[in-house]
Amino acid sequence: MKRIINYPLKTMRKIYDWTVGWAHKKSSNYALFIIAFMESSFFPVPPDVLLIPLVVAHPKSWWKKALICTTGSVAGAFLGYLIGYLFFETVGAAIVNFYDLRHVVESVGKMYSDNALLAIFGGAFTPIPYKVFTLAAGFFQISLFALFAGSVLGRGGRFFIVAGAIRIFGKQIQYVIEKYFNILSLVFFVLLVAGFVAVKYLL
């Protein structure tokens with residue numbers, strides 16, 4: 001995890017800020033789809049950081065934002081699968097090595113041998129870097145049905161819960177996010193880095 005903790009921290013912070021910055025642009029929906037798509041195979045920042053401010057700004061369209069995010073993420077899962085299936089020793093290995101998660105791929109492989117669908121769901125729903133699961137899915141050649149079903153359930157469940165909660169609690173959450181957005185962004189970023197560290201030692 002040296003790559004994540006040391007030099008790239010500033011780079012990751014810039015990428016994080018760049019991601020959040022799309023919330024104020026007209027093409028934010030396209031950005032949400034693309035970021036969700038990329039995050040499933042190589043991009044470090046989860047699409048939640050863009051989904052949240054978009055739902056805050058457009059609460060009545062919460063389900064559309066969640067659907068866009070889910071669709072992009074599930075589509076991106078197949079790119080991760082393709083990389084793992086055809087190009088793991090080159091492109092896939094470079095991604096895994098960058099995040100220092102090679103041994104995690106081996107652990108995920110064991111999880112797939114027990115229950116691939118449940119493993120995909122867990123990786124899709126939790127803060128665990130999902131890209132590890134999609135790349136490993138292709139490398140270990142799990143069924144595309146398991147990848148699709150687990151991704152839809154996990155990613156859809158996660159993004160719809162996040163967006164739905166903001167829609168339900170409305171102004172209270174909107175007030176907190178708007179007032180403490182900078183602090184919350186910093187906390188989210190710290191949790192993001194911590195997620196990469198945790199997965200290295202927990203799996």
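Overview of results
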| quantity | calculated |
| --- | --- |
| Matching helices (runs of 4 or more DSSP H) fully within the stretch 48-141 where at least 1 residues are under 18 Å from residue 37 (Cβ atoms) and in contact (Cβ under 8 Å) with a residue 60 or more places away in the chain | 48-57, 62-86, 130-139 |
| Test result for residue 105, at pLDDT 85 or above and either touching a Cys at 6+ places or on another chain (Cβ under 6 Å) or within 16 Å of residue 41 (Cα to Cα) (or both) | yes |
| Residue check for residue 93: modelled with pLDDT of 95 or more and either surrounded by fewer than 20 Cβ atoms within 10 Å (Cβ to Cβ) or at positive phi (or both) | no |
| Selected residue (only one of 75, 36 is buried (at least 21 other Cβ atoms within 10 Å of the Cβ), closer than 22 Å to residue 161 by Cβ and small (Gly, Ala, Ser)) | 36 |
| Residues that are surrounded by fewer than 21 Cβ atoms within 10 Å (Cβ to Cβ) and at pLDDT 90 or above, drawn from the stretch 117-132 | 117, 118 |
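The values are calculated or read from the model by the stated rules, or taken from the named source; none is laboratory data. Everything quoted here is computed from the prediction, not taken from an experiment. Neighbour counts run over all protein chains shown; Cβ positions are idealised from the backbone, glycine included.
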